[in-house]
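Here the structure is laid out as structure tokens; the discussion comes afterwards.
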Ligand SMILES: NC(=O)c1ccc[n+]([C@@H]2O[C@H](COP(=O)([O-])OP(=O)(O)OC[C@H]3O[C@@H](n4cnc5c(N)ncnc54)[C@H](O)[C@@H]3O)[C@@H](O)[C@H]2O)c1
Ligand SMILES: [Zn+2]
Ligand SMILES: [Zn+2]
């Protein structure tokens, strides 16, 4: 089969590789119809993780079930399914509680597994023609009839829509509240969308990419252009000097200052500054335990100079981590089915798998207009 292979920093190619197959009785084999490129792929693409050369990338996957293992009961051949980026077993202490991003079975010694992801188990990604899905009965979200027409909406349930929602859940967003979101990438935009769905009164999105801020404005959020480094002042002004009720971090450890230089503690300290006293912060942007490629001495060890004194004085609280996609994908899917939401507004490019290397290059450069790429294996 054809698959997008990571060769090394900023070097990916579409290669002929051995077909994905059923390896265990609980597996499901999916023919991929849509698979997105994610900001998380970029940390790997840029060589800023321990990703091994030769592995297949891609964790935002959906497609059609073409084969099931002997122990699969619920999922049937022919079902169209969306796969959470997390791989869970369904029976460990964390999966039982709905914490599917922290499965204790699928990546022994760690909590949490994913497709095509550094440090999250040996599983191949889905930027390929076929994907092996472990514990298929647990991990497949079976899509309703007519899902073909909303393919680009449903594929967002694999990661960024539930992840954006998770940011607002971690932050505890309630109706009528004010929310500040750092990052207008796909995840930040989906967090803004989720905050609006949850009834927030004012949603502010901070970034310095004008095309992405324009998308935030389009869904009714207030764009905060940080090009001049004045984001904090603008948020404080918009909130009458008190700061937002809730804050979301949707950038991660490669966040940058106005000169596009990496400053790993910038968004976290900006959140402490712009969330009100007693406010809550949800962090879904990725931070990692070791980052040898960073120029920052603390960041090399996965540490940062965090404004803890200010955080403590303000009585703030914080929630972090990978999104437990299974905690949200079923109800968000129903909102898509009933035409209440349409997350495909985020898609800027729909491309065949063969175009993936070029798409990585453009998305990595945050080139104007490259917001979200959906790859379509099998299409020319
Ligand atoms: N927790 C999870 O489950 C989960 C899931 C998916 C993605 N992620 C992570 O979420 C983060 C965002 O993903 P994405 O796909 O939106 O990526 P992206 O890289 O496309 O978007 C990041 C955005 O942040 C902006 N930014 C950089 N520095 C900033 C700053 N100081 N202030 C405000 N904005 C700043 C960039 O301009 C960019 O638009 C990544 O770290 C990704 O790995 C986490
Ligand atoms: Zn992703
Ligand atoms: Zn588990």
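The values are calculated or read from the model by the stated rules, or taken from the named source; none is laboratory data. All values reported here derive from a predicted model rather than from experimental measurement. Quick reminder, even Gly has a Cβ in these numbers, built from the backbone with ideal geometry, and neighbours come from all protein chains shown.
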Sort through 125, 112 and tell me the only one that's at pLDDT 95 or above and at positive phi.
112
What number goes with the only condition from (1) out of contact with any helix residue (DSSP H, G or I) (no Cβ under 9 Å at 6 or more places or on another chain); (2) closer than 20 Å to residue 273 by Cβ that residue 302 does not pass?
(2)
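Quick grid of which residues meet (1) surrounded by fewer than 21 Cβ atoms within 10 Å (Cβ to Cβ); (2) within 14 Å of ligand 3 (Cβ to nearest atom):
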site	(1), (2)
69	yes, no
82	no, no
92	yes, yes
103	no, yes
Taking residue 124 and the conditions (1) farther than 19 Å from residue 52 by Cα; (2) touching a strand residue (DSSP E or B) at 6+ places or on another chain (Cβ under 6 Å), which numbered condition does it fall short on, given that it satisfies the others?
(1)
If a residue must be within 16 Å of residue 353 (Cα to Cα) and within 17 Å of the chain's Cα centre (by Cα), how many such residues does the stretch 1-44 contain?
6
I'd like to check which helices (runs of 4 or more DSSP H) are fully inside the stretch 126-185 and have at least 3 residues that are over 30 Å from residue 209 (Cα atoms).
136-139
From the option list 285, 378, 315, 293, single residue qualifying as in contact with a strand residue (DSSP E or B) (Cβ under 9 Å, 6 or more places away or on another chain) and within 25 Å of residue 184 (Cβ to Cβ) is 285
Looking across the stretch 314-339 at residues that are in contact (Cβ under 8 Å) with a residue 12 or more places away in the chain and in a loop (DSSP other than H, G, I, E, B), the single one that is surrounded by the fewest Cβ atoms within 10 Å (Cβ to Cβ) is 315
So which residues in the stretch 111-149 are over 24 Å from residue 43 (Cβ atoms) and touching a helix residue (DSSP H, G or I) at 6+ places or on another chain (Cβ under 6 Å)?
141, 143, 144, 147
Residues located in the stretch 59-111, provided they are closer than 18 Å to residue 127 by Cβ and either within 16 Å of ligand 2 (Cβ to nearest atom) or not in a strand (DSSP E or B) (or both)
59, 60, 61, 62, 82, 83, 84, 85, 86, 87
